[in-house]
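The values are calculated or read from the model by the stated rules, or taken from the named source; none is laboratory data. Just so you know, these numbers come straight off a predicted model, no measurement behind them. Here Cβ is always computed from backbone atoms with ideal geometry, including for glycine, and neighbour counts include all displayed protein chains. These accessible areas exclude ligands, DNA and RNA; they are computed on the full protein's heavy atoms, side chains included. Shrake-Rupley method; radii C 1.70, N 1.55, O 1.52, S 1.80 Å.
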Amino acid sequence: MKFVTVSYKERVFTGMLINNRIVDICKAEEKLFHTSEIPCSMIELIEHYEEISEKLAVIHTWGQEVPNGEAAYSVEEIKWLAPIPRPRKNIFCVGKNYADHAIEMGSAADIPAHLMLFSKAPTSVTGHEGDVLAHQQVTTELDYEGELAVIIGKTCKNIKEEEVMDHVFGYTLINDVTARDLQEKHKQFLLGKSLDTSCPMGPVIVHQSAIQNPESLQIETRVNGEVRQKGNTEQFIFGIANIISTIAKGTTLEPGDIIATGTPAGVGKGFNPPRFLKPGDMMEVTIEEIGTLRNTVK
C-alpha cells in the first residue's frame, strides 16, 4: 500500500495511491463499512495500523475499481502534501552514510566510524511539487541531498537490531535541502538544515510489507533533468537496523518519527566548482519501488 496526505477542495485527508488515483480512506470506510474508526491523520493511522489493517486491505481492493467521485480522485485533481505534514518532533538525519559522499565533502578520513546524527525542524517540511524557497537573504549555497527515509510504526527503546524491522511502518523520500554556508558559519547542522521548505517529503509512504529489501534500492537525484546523484542503498555504511537500534539506545522512538538515512555522492558542493541551486531549478529524487519527489526552487 502507498499512503498519502493530500487536499481536495480545501479538505485535507489521508488516502491511498492506487492506479494513479487517490482513494480517500475515511470516506471509503464510511461507504463500505458505515463506520468512522480509521483516523484521518497519517500519524494516528500509523499508530493504529494493526487495528485497522483489515479494513485498509478491503479499501485497497475496492479502490482498484471504484470510479472517480466515489471517494476517489485523479492525481490531477488533488494537491500533494507531505505524507506527514507536521511531524511531532524533528526529523532524525544520518550524516555521511555513503563513503563516496563523505569523501566528496572532505577525504577518506571523513568516513565516520560511528553513526553521525543531526536533525531538521518540523517547520522545514513541504510536500511533493511544493516550492522550495531559495532564502537568498540568508544563503548563497543552497544544495540538494536525495535520501531514503524510514517511518517508525511502533514505539521502541533499547531494542536489538534483529527486532528493529518489526517497528518500521514504511518508507518515503526526503530531499535534505541544505544551506552549506550556514553549516560552515555556525559550525553545526541545525540552522543550515532547517530553513522553511528545506525538507521536501513524499509523495507517498510505502508500507514496509511492499518492499522486500530496503537496502537494495536504486536512488537518483536530478537537477533540471541532469543526473547529479546515482547510488544504491546497499552502499549504506550503517544499515537501517543499526541506525534505529543506535538511536533507540536511551531515546524513545514513536509512531510517525522519521529517519533520513543519508545521501550518496553527487551533491552540489562536491563539484569543482560547486553547483549550488538557484531559483527556477527543478529537483527530482527517485527511489525504485517508491516513486519520484519533485520540487522547484523559488
- Once all Cα-Cα distances of the chain are split into 10 Å bins that start at 0, what whole-number percent is in each one? 6, 29, 35, 21, 7, 1, 0
- Item | Of all accessible heavy-atom area on the range 253-298, the percent that carbon and sulfur account for (1.4 Å) | 51 percent
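Take the residue pairs 2/157; 96/157; 160/187; 154/298; 55/298 and return only those whose Cα atoms are more than 31 Å apart.
Those over the limit are 160/187; 154/298; 55/298.
Once neighbouring chains are kept in place and the probe is 1.4 Å, which whole percent of the accessible area of the range 149-201 is contributed by carbon and sulfur?
After summing per-atom areas, the C and S share lands at 52 percent.
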- Average accessible surface area per residue within the range 46-111, 1.4 Å rolling probe, Å²: 51 Å²
- Query: Counting Lys and Arg as +1 and Asp and Glu as -1, what is the net charge of the other residues whose Cβ lies under 14 Å from the Cβ of residue 123?
  - Reply: +4
- the range 167-284: radius of gyration over Cα atoms, expressed as a fraction of 2.2 N^0.38 Å: 1.16
- Global form of the range 84-161, assessed from the alpha-carbon gyration tensor, a/c cut-off 1.5: oblate
- Note on the structure: Across 104, 254, 76, the residue with the highest GNM fluctuation in the chain (Cα network, 10 Å cutoff) is 76
- Count charges around residue 209 for me, please; just the other residues with Cβ under 15 Å from its Cβ, Lys/Arg as +1, Asp/Glu as -1. -2
- Item | 25 °C / 0.890 mPa s Stokes-Einstein diffusion coefficient of the range 1-88, Kirkwood radius on C-alpha pairs, µm²/s | 191 µm²/s
- Task: Classify the range 185-244 as rounded, prolate or oblate from the Cα gyration tensor: take a ≥ b ≥ c as the square roots of its eigenvalues, call it rounded if a/c is under 1.5, otherwise prolate when a/b beats b/c and oblate if not.
- Result: prolate
